[in-house]
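Every number here is computed from the coordinates shown, using simple stated rules; none is lab data. In this text, all values refer to a predicted model and were calculated from it rather than measured experimentally. When we count neighbours, we look across all protein chains shown, and the Cβ atoms used for this are built from the backbone with ideal geometry, even at glycine.
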Amino acid sequence: MTHEHGGNISQIENILDFSANINPLGVPESVKVAVRDNLGSIEKYPDPYCAELRSRLAIHEKMPAENIVCGSGADDLIFRIVHALRPRRALICAPTFSEYRKALEEVGCEIREHILTKSSGFTMTDSFIEELDENYDICFVCTPNNPTGKLITADILKKLADKCRERNTILVCDECFLGFVQDGAAFSLRRCMNESSIILKAFTKLYAMAGIRLGYVVCGSSAAAERIQNSGQFWSVSALAQAAGIAALAEDDYVRRTISLIAAEREFLTAELSSLGVVICPSAANFLLFKSTAGLAEKMLSEGILIRDCSNFNGLSDGYYRISVRTHDENVRLLDSLGRCING
């Protein structure tokens, strides 16, 4: 069975999950302590404006707090952005994260997909920018893109940001996986953002906090941030999530160790997968997209390993799979199972 997202393990016992792109180092201990220490707050309503968390994020992002909005994960904020701005016509890529389309369809927005082709390595080029005209109200991009792991180059991103400003088009750049990238700041929209820019981030992946549900947006315009803040539910971020986020922002060494681990293990996995004869999409993220035989996900499940079948991504076909980059021992187990499933 093909699920819309990874991490669907609630009905499966004793499974090694390579389908969800979560930090293999696990939740930082300081985050667990912060949650435990704030259990007493659960009988009170949380701060609806996340004042302390936004103050810490303002320092972290080097942006005014009034330009930052927190939400219950990146998904929540995608829908809040769309409902706040009510775009009529949007440009997105394919393949990419499915929630952009779902949110846009919810408000009756006309959507055009720009296909990222296998022949171009699923890389965004100037052709995406050339499609933008004054009729588009919004466009969504993702760097590194999910599920391909491809970064948008700094020059393409700047040209895109400049054109969106010229065309009065909102540019939403999803950077939820950029924290795993070596020198990720060099590829961030922060370097060229303007009043038409919105950056989407989450604590989910980098800090292994999927169950906490915490994300945020950084807006080039405080007026846009206010509209997003006023969209959706009033108490969107729990007190425990706010405490967890504040603790996570102090985990600089944890992030450095994560980047080092992911880089080394991604290189190892890429080489070993290539030796198995699968076609790898080179990635800068903490996951890899590859093409192999149809039915591989079901075979791997019989080995006790869950991988992401990507056949339901627009722009991909049967035989495409995504795996997360995990610890070395876990990656070795994955490769052993893949070898049996692919080669018999």
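What is the projected area of the convex hull of the Cα atoms of region 8-143, averaged over all directions, in nm²? If you can, show how the numbers build up before the last one.
Working: hull surface 51.2 nm².
About 12.8 nm², averaged over all directions.
If you place +1 on the Cβ of every Lys and Arg, -1 on the Cβ of every Asp and Glu, and leave all else neutral, what size is the dipole of region 30-248 about its Cα centre, to the nearest 20 Debye? Write down the numbers at each step before the final one.
On the way: 26 positive and 27 negative charges, 82 e Å.
With Lys and Arg at +1 and Asp and Glu at -1, about 400 debye.
Taking the Cβ of Phe290 as the centre, find all other residues whose Cβ is under 14 Å away and add up their charges (Lys, Arg: +1; Asp, Glu: -1).
+3
Give a quick list of chymotrypsin sites (Phe, Trp or Tyr not before Pro) in region 185-287 that DSSP marks as loop, anything other than H, G, I, E or B, with at most 15 other Cβ atoms within 10 Å.
Working: sites: Phe187, Phe203, Tyr207, Tyr216, Phe234, Trp235, Tyr254, Phe268, Phe287; in loops: Phe203, Tyr207, Phe234, Trp235.
The qualifying sites are Phe234, Trp235.
Springs between alpha-carbon pairs under 10 angstrom, Gaussian network model over the chain: which of Ile42, Ile22, Ile111 fluctuates most?
Ile42
If neighbour count is taken as other Cβ atoms inside 10 Å, put Ser311, Ser302, Ser119, Ser283 in order from fewest to most. Kindly include the intermediate steps, with their values, before the conclusion.
Working: Ser311 14, Ser302 10, Ser119 5, Ser283 27.
With the sparsest Cβ surroundings first, the list reads Ser119, Ser302, Ser311, Ser283.
For the chain, state the semi-axes of the equivalent ellipsoid (square roots of 5 times the eigenvalues of the alpha-carbon gyration tensor), sorted largest first and rounded to whole angstrom. Kindly include the intermediate steps, with their values, before the conclusion.
Numbers: eigenvalues 193, 134, 63 Å².
Equivalent ellipsoid semi-axes, largest first: 31, 26, 18 Å.
Which value, in debye to the nearest 20, describes the size of the charge dipole of region 203-287 about its Cα centre when Lys and Arg Cβ atoms bear +1, Asp and Glu Cβ atoms bear -1, and nothing else is charged?
So the dipole magnitude of region 203-287 works out to roughly 240 debye.
Once you have a ≥ b ≥ c as the square roots of the Cα gyration tensor eigenvalues for region 190-318, tell me rounded if a/c is under 1.5, and otherwise prolate or oblate according to whether a/b is larger than b/c. Before the final figure, lay out the partial values.
Details: a/c = 1.97, a/b = 1.82, b/c = 1.09.
Prolate shape, in that a/c is at least 1.5 and a/b is the bigger ratio.
Anything over 29 Å Cα to Cα? Flag those among Lys159/Lys201; Lys62/Lys118; Lys62/Lys150; Lys118/Lys163; Lys158/Lys291, in the order listed.
Details: Lys159/Lys201 21 Å; Lys62/Lys118 37 Å; Lys62/Lys150 26 Å; Lys118/Lys163 26 Å; Lys158/Lys291 31 Å.
Distance filter (> 29 Å) returns Lys62/Lys118; Lys158/Lys291.
Which of Phe18, Met209, Ala154 sits closest to the plus end of the dipole of the chain, meaning its Cα is farthest towards the positive end, when Lys and Arg get +1 and Asp and Glu get -1 on the C-beta?
Towards the positive end, the residue furthest out is Ala154.
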